[in-house]
Amino acid sequence: MDAIRSNNGPRYKHIAETSAPYDTITVEKLTPIIGAEVGGIDLSRPLGNRTFDELHRALAENLVIFFRDQHLTEDQHLAFGRLFGELHIHPAAPHAPGKPELMIIHADKDSPRANGEGWHTDVSCDQEPPMGSILYIRQSPPMGGDTLFASMYAAYEALSDRMKTYLEGLTAIHDGEHYRGQYANYGIADKPSYPRAEHPVVRTHPVTGKKALYVNKGFTRRILGVSRDESDGILRYLFEHMANPLFQCRFRWCANSIAFWDNRCVQHHAMWDYWPHIRSGHRVTVKGERPFYRA
Ligand code: SIN
């Protein structure tokens with residue numbers, strides 16, 4: 001998709017809905033399409049029902065929300081995640097000692113790889129992929145290490161009506177086999193097999209009712225019911241389409257920041273441009289439901 005050479009205005013025309021005022025938190029949008037920084041909140045303290053409802057709304061309206069200057073223990077990070085649902089255990093990644101729900105996100109000069117390079121939705125190979133992920137970065141590099149987030153509502157809406165009709169009702173295979181060998185440097189032995197699931201190519205968000213494109217380069221291997229070459233061609237197009245900067249925001253981390261993204265309508269991509277510096281933290285992931293499509 002060429003956003004530069006359009007003669008009919010922007011390739012994707014989006015008007016940000018005006019949000020009802022928030023009473024207990026502040027919410028500053030990063031872009032009209034995706035991302036907002038939430039202020040006036042200390043996540044280490046118990047949240048009242050009203051604040052919890054407003055956080056829920058801020059996530060639904062902005063798809064990914066960011067918090068600065070938070071000081072949480074590991075248990076407080078886990079407790080914050082549990083407010084939103086049962087916690088997910090990653091099928092392959094390392095976790096904090098004795099805390100399987102606290103995934104380690106760490107890269108330094110000796111790391112063979114960093115987590116999340118490349119566009120993906122977390123663990124979409126699960127039958128019931130995670131609803132959301134809450135990443136707490138305790139140590140950030142002096143510069144770089146940003147995370148990019150892209151709205152899959154926007155990616156879906158910007159498709160032509162013909163493409164939307166073509167994709168309706170299609171399903172695709174999401175495969176976790178690429179985890180094999182990825183965490184060997186942590187001494188983690190491979191499992192005999194990793195999760196694999198079939199999901200709709202377009203999913204309906206269970207809270208907002210909006211449609212989102214639900215294929216990602218990290219996990220989606222094949223659209224079912226069409227030939228292999230057609231599947232490859234369509235997926236190649238959709239992966240290129242979803243990565244248009246029009247659908248994105250980019251978060252600049254500093255130490256003690258948190259990002260909470262909704263995996264049902266967001267893809268993300270972590271930059272590893274800070275080598276040889278250290279970027280380190282933990283991710284708590286909230287379980288989700290089986291994706292569905294409602295016309
Ligand atoms: C991930 O959860 O995919 C990693 C994201 C990041 O490190 O920014």
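The values are calculated or read from the model by the stated rules, or taken from the named source; none is laboratory data. Every value quoted in this text rests on a predicted model; they were computed, and no experiment measured them. FYI the Cβ positions are ideal-geometry reconstructions off the backbone, even for glycines, and counts take in every protein chain you see. Just so you know, the surface numbers come from the protein's heavy atoms only, side chains and all, with ligands and any DNA or RNA stripped out. Shrake-Rupley method; radii C 1.70, N 1.55, O 1.52, S 1.80 Å.
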request  = Report Rg (one decimal) and Dmax (nearest whole number) for segment 51-162, counting Cα atoms only, units Å.
outcome  = 15.9, 51
note = Placing +1 on each Lys and Arg Cβ and -1 on each Asp and Glu Cβ in segment 96-157, then taking the dipole about the Cα centre, the residue among Pro141, Ala154, Gly116 whose Cα reaches farthest towards the positive end is Pro141
remark   = Distance in Å, no decimals, from the C-alpha centre of segment 150-165 to the one of segment 180-234 is 18 Å
query = If you place +1 on the Cβ of every Lys and Arg, -1 on the Cβ of every Asp and Glu, and leave all else neutral, what size is the dipole of segment 164-295 about its Cα centre, to the nearest 20 Debye?
reply = 360 debye
ask   = With every protein chain left in place, what is the accessible area per residue of segment 84-139 in square angstrom, probe 1.4 Å?
value = 36 Å²
key: Student exercise, segment 1-95 dipole from Lys, Arg, Asp, Glu Cβ charges, in Debye to nearest 20   = 400 debye
At q = 0.13, 0.20 Å⁻¹, base-10 log of I(q)/I(0) for segment 139-279 (Debye sum, equal scatterers on each alpha carbon) = -0.71, -1.25
message = I need the peptides 78-85, 48-55 ranked by packing, meaning the mean over residues of other C-beta atoms within 10 angstrom, with the highest value on top.
response = 78-85, 48-55
inquiry  = Using the crude model of +1 on Lys and Arg Cβ and -1 on Asp and Glu Cβ, and no other charge, please compute the dipole size for the chain relative to its Cα centre, in debye to 20.
reply    = 340 debye
inquiry  = From the gyration tensor of the Cα coordinates in the chain, what semi-axes in whole Å does the equivalent ellipsoid have, largest first, with each one equal to sqrt(5λ)?
reply    = 28, 25, 19
key: Net charge of Cβ neighbours under 12 Å - reference Arg68; Lys, Arg +1; Asp, Glu -1   = -3
request  = Would you compute, for the Cα atoms of segment 4-60, the largest minus smallest coordinate along each principal axis and list the three values in descending order, in whole Å?
outcome  = 51, 19, 13
query = Roughly speaking, to the nearest percent, how much of the chain's 1.4 Å accessible area is carbon and sulfur?
reply = 51 percent
